[in-house]
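This report concerns only the one structure given below.
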Amino acid sequence: MKKEDKLGIPETRQHARKRKQKLVRNWIIGILAVVCAIAAGVGLYAAHLYKTAEQAANKAYDSENAVKTTYGEFNGKKPFAVMLLGTDTGALDRTEKRGNTDTIIVVVVNPKKKNYTMISIPRDTMADMVGDDSNDVQKINAAYSIGGAKMAMQTVSNLLNIPVKYYALVNMGGLMKLVDYVGGIYVTPPLTFTYSGFPFKKGVRQHLNGQAALAYSRMRYDDPQGDYGRQKRQREVITKLVQKLATADSLTNFSKIANNLSSNVKTNLNFQALKSILANYSDCTSSSDSDYLHGYSAYVGDAAYQIAPTSELQRISNKIRKLLGLKTATVSNRETELNSLNETAGFKFGSGETQNYTIYDPGTTADSVKSGKTSSKSSSKSSSQASSSTTAYSTSSSTADYSGSTNYDTTYSYSYNYNTNPFSGGY
């Protein structure tokens with residue numbers, strides 16, 4: 001039976017066809033309206049995220065140490081390096097405005113290998129403070145407190161003969177909240193210890209919140225590797241944090257993460273550079289390598305230092321320059337000069353002893369050292385025996401889990417010979 005219209009007249013085929021076309025059209029219009037509404041919502045949300053990110057980047061930007069970037073510098077094809085500095089201001093009642101940087105890591109991002117490499121520089125490494133024209137050497141962690149980011153970059157650049165244009169200063173206290181915002185991280189401790197009330201068990205996979213992550217990366221005196229062991233754990237925490245930040249889950253706390261970064265990070269990478277890095281190097285976050293500058297314990301006067309031999313300075317320089325696609329170049333600076341003079345005077349790297357190391361005046365020759373006719377800014381006053389150890393750790397993911405499951409497994413091993421310095425300060 002044919003359908004009738006409002007007047008009771010039977011519907012013709014033509015009318016039926018038009019009615020169906022109108023019905024389909026209305027459905028299409030309705031679906032498009034929903035799609036447009038969703039797109040508008042997503043667009044507004046994306047615009048909000050973009051604005052939040054821009055505001056956070058601008059707040060963290062250090063315009064005083066701005067560096068002009070070259071065209072295509074962050075195009076996803078060229079490697080680049082950033083010096084990561086970690087201070088402890090604002091954590092556990094520490095309120096210094098500009099303290100020492102007890103974490104110094106040169107990070108090289110390599111798009112060809114699709115990874116990044118972190119190379120730690122021990123906080124007690126002897127280094128010439130570049131920028132004050134005094135030929136004065138200090139522990140390298142003092143460079144930032146003396147001359148800010150500029151001196152820290154120049155000092156590391158001169159020490160290793162590498163280009164250091166960019167830096168990021170991270171407040172380690174702020175790191176606690178950031179770890180919490182991404183839902184915590186999982187680690188597998190290489191040794192058993194308790195620090196700040198948090199227990200860690202060797203080889204047992206554990207979930208850490210922000211406070212626990214800070215404790216895990218801070219301990220040094222109960223580690224047989226001293227500061228070198230701490231550096232290893234710091235790099236592990238940073239790697240796990242980067243992995244979590246790179247996931248879509250971090251978007252749920254995007255505003256909190258952005259605000260945290262803007263309040264606890266300072267960098268001379270501007271918003272445009274950060275956008276390019278995010279867009280073109282995101283696939284480099286899934287894999288990482290690590291290394292460190294190895295030094296030996298020595299006294300300069302009454303102060304305990306780590307002295308990096310010239311061969312080690314050259315090794316790290318070669319590695320970083322190769323990662324950056326640069327030709328290797330000889331490291332020749334105040335540190336290598338002092339190494340040569342001290343070796344002439346009988347200093348032996350790798351002897352197993354904490355020896356005396358002299359800071360000779362500039363212009364001192366090897367002949368004058370041999371004859372004993374020299375002058376120096378520091379005299380040798382004491383010596384002691386340091387423990388020489390060989391440590392090998394090999395850990396893998398175990399069965400313990402304290403707050404749920406995760407996709408992140410930790411499997412690593414490392415071994416090396418070193419001399420610890422029991423008199424070196426720091427938290």
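On full extension, the segment bounded by residue 194 and residue 263 gains 21.9 nm, given 0.36 nm per residue less the C-alpha separation. Only Cα sites of the stretch 317-361 enter the Debye sum here, all with the same form factor; the resulting log10 I(q)/I(0) across q = 0.22, 0.27, 0.28 1/Å is -0.78, -0.91, -0.94, listed in q order. List the residues of the stretch 346-362 whose backbone N lies under 19 Å from a point placed 7 Å from the Cα of residue 368 along the Cα-to-Cβ direction. Taking a point 7 Å out along Cα→Cβ of residue 368, the residues of the stretch 346-362 whose backbone N falls under 19 Å are 346-347, 357-362. Of all DSSP beta bridges confined to the stretch 91-210, the antiparallel ones make up roughly 100%. Distance between the pseudo-spin-label points of residue 75 and residue 51 (7 Å out from Cα toward the beta carbon): 3.4 nm.
In plain terms, the chain from residue 343 to residue 177 could stretch by 55.1 nm, reckoned as 0.36 nm per residue minus the Cα-Cα distance. For residue 169, the residues whose modelled amide H falls within less than 5 Å of its own, excluding neighbours fewer than 5 places apart on the same chain, are 85, 266, 267. Diagonalising the gyration tensor over the Cα atoms of the stretch 136-260 and scaling each eigenvalue by 5 before taking the square root yields semi-axes of 27, 21, 12 Å, largest first. Put simply, the C-alpha atoms of the stretch 155-227 give a gyration tensor, and the ellipsoid matching it has half-axes of 27, 18, 11 Å, longest first.
All of the numbers you see were taken from the coordinates with simple rules; none came from a lab. Computed from a predicted model, the values in this text were never measured in an experiment. Cβ atoms come from the backbone with ideal geometry, glycine included; neighbour counts cover every protein chain shown.
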